[in-house]
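The following block contains the structure, expressed as structure tokens.
Every read-out reported here was derived from the displayed coordinates using simple, explicitly stated rules and does not represent laboratory data. Quick caveat: nothing in here was measured; it's all calculated off a predicted structure. For neighbour counting, all protein chains shown are included, and Cβ atoms are generated from backbone atoms with ideal geometry for every residue, glycine included.
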Amino acid sequence: MFTRENQLIMDPKQMKISLMKPNEYYEKAKQSRVLILNHVKLNIKHQHQLAKTRYDKNRPDPKYVKGDLVLVRVINRTSKFQEKFEGPYRIINQIGPATFIVKIENPDNDENTNYTKQVTTADMKHIFSFEVV
């Protein structure tokens, strides 16, 4: 009826299954655990690499060199109508791979003509100058 054949009394009995000894269970569990943990580590590394490639696919990688004109993000904005960036600043030194020292380009407007500040690439934007032909 349910695709299972009836067992008759005269049918030969199934062979006995010998189970492992208890100490073998522990060794087998240890081996399985090590195998599973190695697989999990490889899977985590693979998923991390996939997430990084997806993130980096559309991420801009701006390159700044000494002498570039940049705008610098205003850190403490008091109003939503205040400008997001100030400047122009000129890059005068590079401290690290993403850290720069910038100096204000137009000292006429400020009282401190030697004003410099340290900024990172996340807080800077290039200023592109277009030449009219």
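Can you check what the Kirkwood hydrodynamic radius comes to for the chain, Cα pairs only, in Å to one decimal?
22.3
Sticking with this structure for a sec: Is there a pair in K30/K52; K84/K125; K63/K84 whose C-alpha atoms are over 23 Å apart, and which pairs would that be?
Pairs exceeding 23 Å: K30/K52.
Please identify the longest segment of the chain free of exposed trypsin sites (Lys or Arg not before Pro), where exposed means a DSSP state other than H, G, I, E or B and no more than 16 other Cβ atoms within 10 Å.
85-133
Evaluate the relative contact order of the chain (contact order divided by residue number), counting alpha-carbon pairs under 8 angstrom at least 6 apart; express in whole percent.
Details: 115 pairs, mean separation 22.2, N = 133.
This gives 17 percent for the chain.
Still on this structure, I have one more. With 10 angstrom as the radius, rank S32, S79 by how many other C-beta atoms surround their C-beta, starting from the fewest.
Ranking S32, S79 by Cβ neighbours within 10 Å, fewest first, gives S79, S32.
May I ask for the net charge around V34, where only other residues with Cβ less than 15 Å from the Cβ of V34 are counted and Lys, Arg are +1 while Asp, Glu are -1?
So the environment of V34 carries a net charge of +3.
I would also like to ask the following. Quick one: Karplus J couplings for the range 52-57, per residue in order, coefficients 6.51, -1.76, 1.60, θ = phi - 60°, nearest Hz, x for Gly and Pro?
5, 5, 5, 5, 6, 4
What is the sum of charges around H126, taking Lys and Arg as +1, Asp and Glu as -1, for the other residues whose C-beta is under 11 Å from the C-beta of H126?
The answer is +1.
Near K117, which aspartates and glutamates are there with a Cα under 17 Å away, not counting those fewer than 8 places off in the same chain?
Within the straight-line cut-off, K117 pairs with D68, E86, E105.
What Rg and what Dmax come out for the range 18-59 when only alpha-carbon atoms are used, in angstroms?
18.2, 60
With θ set to phi - 60° and the Karplus curve 6.51 cos²θ - 1.76 cosθ + 1.60, what are the ³J(HN,Hα) couplings of the range 6-13 in order, to the nearest whole Hz, using x for Gly and Pro?
Working through the residues one at a time gives 6, 9, 8, 5, 7, 5, x, 6 Hz.
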